[in-house]
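What follows is a short report on a single structure.
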Amino acid sequence: MTTTSFPVPEVARPDPETVLAEVLAEVLRVDRVSVDSHFFDDLGADSLVMAHFCARVRKRGNLPPVSMRDVYQHPTIRRLAAALADAAPTPATPSVSAAMEAPTPTRTREYVLCGTLQALFFLAYSYAAMLAIEAGYTWVSAGSSAAEICLRLVLASSAVFLVVCGVPIAAKWALVGRWQPGQIRLWSLAYVRFWIVKTLVRSSPAARLFIGNPLYVLYLRALGAKIGPGVVIFSRRVPVCTDLLTIGAGTVIRREAVFNGYRAQAGRIETGPVRLGRDVFIGERSVLDIYTSMGDGAQLGHASALSPGQAVPQGERWHGSPAQRTDVNYVRVPPARCGTLRRAGYAAAALLVVLLLYLPFVEGGASLAIGAASSLAQALEPSVGAGALGALFIEAVILSLVAFFGLALVGLLLMVAVPRVLNPFIKPDTVYPLYGFHDVVHRAIARLGNLKFFTFLFGDSSYIVHYLQWLGYHLSPVEQTGSNFGIEVMHANPFLCSVGNGTMVADGLILMNDEVSSTSFRVSRVAIGPDNFLGNDVTYPAGGRTGRNVLLGTKVMVPLDGEIREGVGLLGAPCFEIPRTVERDTQFDHLRTGEALRRGLAAKNRYNLRTIGLFLFTRWMAVFLFALLYLGALELYDVLPHVVSAACFAASLVVTAVYFTLVERCIEVLRPLQSTICSIYDPDFWAVERRWKLHPIHYLHAFDGTPFKNVLWRLMGARIGRRVFDDGTHIPEPALTAIGDECVLNYRSKIQCHSQEDGTFKCDRTTIGARCTIGVDALVHYGVTMGDGSELAVDSFLMKGEDVPPDARWGGNPARER
């Protein structure tokens, strides 16, 4: 039997230009668009509109996926279609993360048991602390003379300090032994051990007082890290899985770099090695994920990241997120003589200063303040007719007033006066060796100038300009907007910071006016040009190649090479050019000049003054509550069982955190936050600034990795699903945030439901589906939807309006499908 075959007619494929034009017309709600019209200049689109366009193209399924980077680099339909046609498909190469198995399920019973064990550990630690405090106070007070009391104070404080530094080391070796590459199921008993070690290691005073000091390297070695000689670590982000960390001689790790040795992913903790060769350089605000390595002499630039499986070959320089090869040299300071004797002398001197001066001063001052408050309370007791409880209340009021407002005033005076006295000893563009007199001066200026309390106090108001000028910033002439700087601004030397007229800065700016090697440093001027706008989490180095009228997008990598960029926007890591502004961001420009500006600014200043008063009052109340419970614990120590006093001490921390969450909730109830686009001179924006200022970000981190963190987020209005794991995320607008069941939020991640560009403020809801993972230091913008089971890689920036499909893997800055 024979069969006859008939030719099957080919189905004509749609023209890519036609499809793209149809989709864009639908998004813009117009009949048609020209294939040669510029998205932003001719059609008036903005990044939010184009994000919706990209999402619709992906859903069509008959075209290659389009990312925001593609849109910016090819801003017409014709150019975009040609670029998509030229992009040859590449075979997928599974990385370490892509090869991982399905999500690990979590269980409610383990979740509850984990929280119970964590609470018991906290209570036991508080009990031990109360015993140590009481024993030390009794022994010191038994001194027969002032000299003996001082000597006992030094000995007691030194002993307690050394014990507290030794506890994390002992706990790590007793509970874990040596860290090995592997997985730990969230909320399991193995995770409880992991959490205890992580909490103790990161809260150790050695990890806070000796950053950048050879003693810090010794501390990490005691925890199992393999670190060669001459290594300098300035990062405050303490690694946890230290046995998996290998650092060769002469390596430099700058501030805010993250190299945990673990990450959370899909219901589990994954641990893996981080290997750095000799003379490696890790830039500011960079991230090293697990299973990453760098060869001898390699460099990773600022605001960059290595994803799992990435390896930088010997001698090569990489930057970006994820990192790629570059010719930019990030080590630009010559070496200096800095031998072993100098390092040992610096470490010994730092230890003696802490043991003989800092600790006795802090503990002695606290004891004197408590004693003076008690005496004054007893003197006032007859006049107010108070009993024992009333005396305790008065004592707490006096102690909190003196501690809060007294330390704030003294701190402000020290921040303004001491750096001005020290600054003449540091000459700009002069190379100095590390661990000498000039290094001590430089670190003192940097530490005093970066106390976050005052930037939180004055930020997002007209008064931040005057505060920064007091510190030494060069801001004249100032074009006051009422929002010149946010509540987080950092620098190395305020006297070498210059910001041009008309420039506005969001939160998270780091002005990097110091350059370091493993043996030397120098300070240089950092100058940001006029009429700029800087988005969130921008790291601006000395020698940044930007000038006038530049938009620096969120998490952008500031270029250090090429021509000076002016009149453009920069986005991404590595950065690329985007439009400086779009029509939507200019609709309120009439409120930024003339009489409208004068009226709006005056009204904003009045509102901000009330916000500052509210900030001071709520912060003082928190200190008062802590003092009341702490003093109550001391009073009950001899009356009731010691466990009760320890519970009061532990409750002082819990009550403080709950108090701050309720403060934010009350503000939300009084003026609910809604999706909006408005001017910075609109009362709706001022109310949002108030929320930012009163947000309890630093108090919440004490509950990272526990079920209690989710309870606090719910109290603030966030919609949090079941068994969500939060290892240290930041959510500035909880009321606009929804997070599904069993999501994983990694260390220093951020879900930010707002954007501010020049004089325009925008906010919208963000929804994170069930079982999603947000990587370490990744940022999710407003108006975003992440489908169930999707993943955002380390150090990524998921732009506003993006729609991530379920089970998709996205990464990069800006993020795209991987």
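The values are calculated or read from the model by the stated rules, or taken from the named source; none is laboratory data. Since this is a predicted model, take the numbers as computed values, not measurements. Note: ideal-geometry Cβ built from the backbone for every residue, glycine included; neighbour counts use all protein chains shown. Surface accessibility is based on the protein's heavy atoms, side chains included, excluding ligands, DNA and RNA. Shrake-Rupley method; radii C 1.70, N 1.55, O 1.52, S 1.80 Å.
Computed values, structure above
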item: Extreme residue, most open to solvent (accessible area, probe 1.4 Å), among residues of segment 736-759 that are assigned to a strand (DSSP E or B) and at pLDDT 95 or above; result: Lys750
item: Every residue from segment 117-136 that is among the aromatic types (Phe, Trp, Tyr), touching a helix residue (DSSP H, G or I) at 6+ places or on another chain (Cβ under 7 Å) and buried (at least 16 other Cβ atoms within 10 Å of the Cβ); result: Phe122, Tyr127
item: Boolean, Arg202 is surrounded by fewer than 21 Cβ atoms within 10 Å (Cβ to Cβ) and either of a type in the set (S, T, N, Q) or in a helix (DSSP H, G or I) (or both); result: yes
item: Residue satisfying condition, being farther than 20 Å from Leu451 by Cα and among the β-branched types (Val, Ile, Thr), within set Val505, Val556; result: Val556
item: Residues within segment 160-185 that are in contact with a helix residue (DSSP H, G or I) (Cβ under 8 Å, 6 or more places away or on another chain) and either over 30 Å from Gly272 (Cβ atoms) or among the hydroxyl-bearing types (Ser, Thr, Tyr) (or both), tallied; result: 3
item: Test for Ser286: is it in contact (Cβ under 8 Å) with a residue 24 or more places away in the chain and either under 19 Å from the mean Cα position of the chain (by Cα) or open to solvent by 10 Å² or more (accessible area, probe 1.4 Å) (or both); result: yes
item: The one condition in (1) closer than 30 Å to Val217 by Cα; (2) open to solvent by 40 Å² or more (accessible area, probe 1.4 Å); (3) at pLDDT 90 or above that Tyr358 fails to fulfil; result: (3)
item: Test: Val49 is outside any loop (DSSP other than H, G, I, E, B), in contact with a Leu (Cβ under 8 Å, 6 or more places away or on another chain) and modelled with pLDDT of 85 or more; result: no
item: Every pair of residues 6+ apart whose Cβ atoms lie under 8 Å, when the first sits in segment 19-32 and is more than 21 Å from Ala82 (Cβ to Cβ) while the second is in a helix (DSSP H, G or I) and open to solvent by 90 Å² or more (accessible area, probe 1.4 Å); result: Glu26/Arg56
item: Selected residue (only one of Val192, Val164, Val154, Val176 is touching a residue at least 40 places away in the same chain (Cβ under 8 Å), among the β-branched types (Val, Ile, Thr) and closer than 26 Å to Val724 by Cα); result: Val192
item: Test for Val688: is it assigned to a helix (DSSP H, G or I), at pLDDT 90 or above and out of contact with any strand residue (DSSP E or B) (no Cβ under 6 Å at 6 or more places or on another chain); result: yes
item: So Tyr681, is it touching a helix residue (DSSP H, G or I) at 6+ places or on another chain (Cβ under 9 Å), of a type in the set (Ser, Thr, Tyr), part of a loop (DSSP other than H, G, I, E, B) and open to solvent by 10 Å² or more (accessible area, probe 1.4 Å); result: yes
item: Among (1) of a type outside the set (D, E, K, R); (2) open to solvent by 10 Å² or more (accessible area, probe 1.4 Å); (3) closer than 30 Å to Tyr435 by Cα; (4) in contact with a helix residue (DSSP H, G or I) (Cβ under 9 Å, 6 or more places away or on another chain), the one test that Tyr216 misses; result: (2)
item: Criterion violated by Ala349 - all others in (1) touching a residue at least 12 places away in the same chain (Cβ under 8 Å); (2) among the hydrophobic types (A, V, I, L, M, F, W, C); (3) open to solvent by 20 Å² or more (accessible area, probe 1.4 Å) satisfied; result: (1)
item: Scope segment 432-445; condition open to solvent by 10 Å² or more (accessible area, probe 1.4 Å), within 17 Å of Leu414 (Cβ to Cβ) and touching a helix residue (DSSP H, G or I) at 6+ places or on another chain (Cβ under 9 Å); matching residues; result: Val440, His442, Ala444
